[in-house]
Amino acid sequence: MTSENPYQPPNSNVDKQKNAKYVQCPYCNNRAMSAMGKFMLGPARSVKCQSCAKRVSVSWASMIPIVVGMAAYIVMKPFIEPKYILLALVPVVVLVFIIHYYFIKIVGREKTSSK
Ligand SMILES: [Zn+2]
């Protein structure tokens with residue numbers, strides 16, 4: 001047995017996977033909020049980073065998966081019995097969450113002028 005494993009990812013990849021559990025702050029690169037906190041955050045709102053307390057928000061692109069999810073709901077609604085609509089919405093919500101989680105970037109909302 002050799003100590004080298006060609007299939008073992010380099011350490012940087014492992015760190016990336018670890019960081020993916022939370023949302024990184026654009027200012028301090030530390031934990032700004034949980035993934036769920038980011039999901040609940042809208043572009044019109046901003047919250048303080050949990051690490052450096054600077055204001056961060058999500059870009060306006062975060063509305064896209066939510067709009068897509070709502071459109072999917074509106075399209076599906078006439079075809080699905082009301083008692084099953086919540087069940088049908090689960091994969092939609094999961095999909096919206098995944099898109100939001102992987103593609104929506106957190107942006108700084110700290111006013112640079114106010115010092
Ligand atoms: Zn921060």
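The values are calculated or read from the model by the stated rules, or taken from the named source; none is laboratory data. Please read these numbers as outputs of a predicted model, since none were measured by experiment. Quick reminder, even Gly has a Cβ in these numbers, built from the backbone with ideal geometry, and neighbours come from all protein chains shown.
Just a few scattered comments:
- Exactly one residue out of A71, A88 is at pLDDT 90 or above and either of a type in the set (A, V, I, L, M, F, W, C) or more than 15 Å from the chain's Cα centre (by Cα) (or both): that is A71.
- Note on segment 83-107: among residues that are among the hydrophobic types (A, V, I, L, M, F, W, C) and touching a Ser or Thr at 6+ places or on another chain (Cβ under 8 Å), the one that is farthest from V68 (Cα to Cα) is V107.
- As a summary of the residue check, V96 satisfies the conditions (1) free of Cβ contacts under 8 Å to residues at least 60 places away in the same chain; (2) closer than 18 Å to K21 by Cα; (3) surrounded by 14 or more Cβ atoms within 10 Å (Cβ to Cβ); (4) in contact with a strand residue (DSSP E or B) (Cβ under 8 Å, 6 or more places away or on another chain) except for the one numbered (4).
- Residue in segment 40-52 that is out of contact with any Asp or Glu (no Cβ under 6 Å at 6 or more places or on another chain), loosely packed, with under 13 Cβ neighbours inside 10 Å and assigned to a helix (DSSP H, G or I) present: yes
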